[in-house]
Amino acid sequence: MSGNTRDHYDRLADSYDENWAYSVAFNRWMSERILDRLDLRPDDRVVDLGCGTGLFSKALAEQAREVVCVDPSPNMLAQLPQSAGTLVPIQGSAEDVASGAVRLPYEQVDAILIKEAVHHFSSRGAVLGGLAQLLAPGGRVLVVMLPTTISYPLFRRALEVFEEHQPDPADIAGAMHTAGLAVEVTYEAYQLAFSKDRYLAMVRNRYMSLLSEFDDPELEDGIKEIELEHPEDVLEFGDRFAFVLGRRT
């Protein structure tokens, strides 16, 4: 993760849950799909890599022995739920963990969750290969990511920037396979609805890291474009996710 991206998430930390917690229903939906794929057991040691504020760490902790919450942003880690005693915060990047520059409390872990963070990895093959080596026999790594195109009501240039930088889930699956993991890729979608005012406020707050590529005047021009393109008061769109699951056999 670059310094600019880390700065973006540090600035966003205080309002991150407000932006991303679409609803209790969405968080429950996503948590169920993550837990179903990771198939956690009560004694599992889990890493939530790029955990942010721990939106999904707590759900992991309800089924596992302990969840190590890793994030390069200290401001994000400061927002972790205080009531969840099984959450262990560690500041560091995926590159740090994969290379051993940042040590986990265990030599091996049973599960790793990487939710919407893989596009930040500087060398995805090397990072995923390093993470695969941390898995105990039977261990799982789950990458939750957006596909290469999205139907969000963003302005044209933002969508272009997304497509220029978003990795293909098939390439992530290939990197996992090269690392010696058995891999499965599945897709699921959730229908979202926002009042236009709320959604535009999220865009103005740069709720997606790709929006940090635009300065304030560019962002305001983009918001005007969204308003012209979407005269409706409620914006509805599908949020489609790829779930790339690798297992050490």
Within the range 208-238, the residues that are open to solvent by less than 90 Å² (accessible area, probe 1.4 Å) and hydrophobic (A, V, I, L, M, F, W, C) are M208, L210, L211, F214, L219, I223, I226, V234, L235, F237
Scan the range 59-68 and tell me whether some residue there is open to solvent by 10 Å² or more (accessible area, probe 1.4 Å), under 22 Å from A126 (Cα atoms) and in contact with a helix residue (DSSP H, G or I) (Cβ under 6 Å, 6 or more places away or on another chain). no
Output for Cβ contacts, cut-off 6 Å, separation at least six or different chains, first residue under 18 Å from L192 (Cα atoms) in the range 219-237, second in a helix (DSSP H, G or I) and basic (K, R), reads D233/K196; L235/K196
Pairing a residue in the range 155-180 that is without any contact (Cβ under 8 Å) to a residue 12 or more places away in the chain and over 16 Å from A117 (Cβ atoms) with any residue that is surrounded by fewer than 21 Cβ atoms within 10 Å (Cβ to Cβ) and among the hydroxyl-bearing types (S, T, Y), where Cβ atoms lie under 9 Å and the two sit 6 or more apart in sequence or on different chains, gives L159/T149; L159/Y152
Result of the Cβ filter at 7 Å on the range 101-117, keeping first residues that are of a type in the set (G, A, S) and partners that are surrounded by 13 or more Cβ atoms within 10 Å (Cβ to Cβ) and assigned to a strand (DSSP E or B), at least 6 apart or interchain, is A111/V46; A111/G139; A111/R140; A117/L49
Flag if R156 is at pLDDT 95 or above and more than 30 Å from V68 (Cβ to Cβ): yes
Counting only residues that are surrounded by 12 or more Cβ atoms within 10 Å (Cβ to Cβ) and either aliphatic (A, V, I, L, M) or part of a loop (DSSP other than H, G, I, E, B) (or both), the range 193-207 contains a total of 7
Across the range 211-245, the tally of residues that are more than 24 Å from P147 (Cα to Cα) and part of a helix (DSSP H, G or I) stands at 8
Does A189 satisfy the criteria of being under 16 Å from the mean Cα position of the chain (by Cα), of a type outside the set (S, T, N, Q), closer than 25 Å to G54 by Cα and surrounded by fewer than 16 Cβ atoms within 10 Å (Cβ to Cβ)?
-> yes
Examine the range 85-107 for a residue that is touching a Phe, Trp or Tyr at 6+ places or on another chain (Cβ under 9 Å) and more than 20 Å from M145 (Cβ to Cβ), and state whether such a residue exists.
no
Restricting attention to the range 146-184, the residues that are surrounded by 15 or more Cβ atoms within 10 Å (Cβ to Cβ) and assigned to a strand (DSSP E or B) number exactly 1
Within the range 37-96, the residues that are basic (K, R) and farther than 17 Å from Q108 by Cβ are R37, K58
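The values are calculated or read from the model by the stated rules, or taken from the named source; none is laboratory data. Since we're looking at a predicted model, the values are computed, not measured. In this analysis, Cβ positions are derived from the backbone assuming ideal geometry, glycine residues included, and neighbour counts consider all displayed protein chains. Just so you know, the surface numbers come from the protein's heavy atoms only, side chains and all, with ligands and any DNA or RNA stripped out. Shrake-Rupley method; radii C 1.70, N 1.55, O 1.52, S 1.80 Å.
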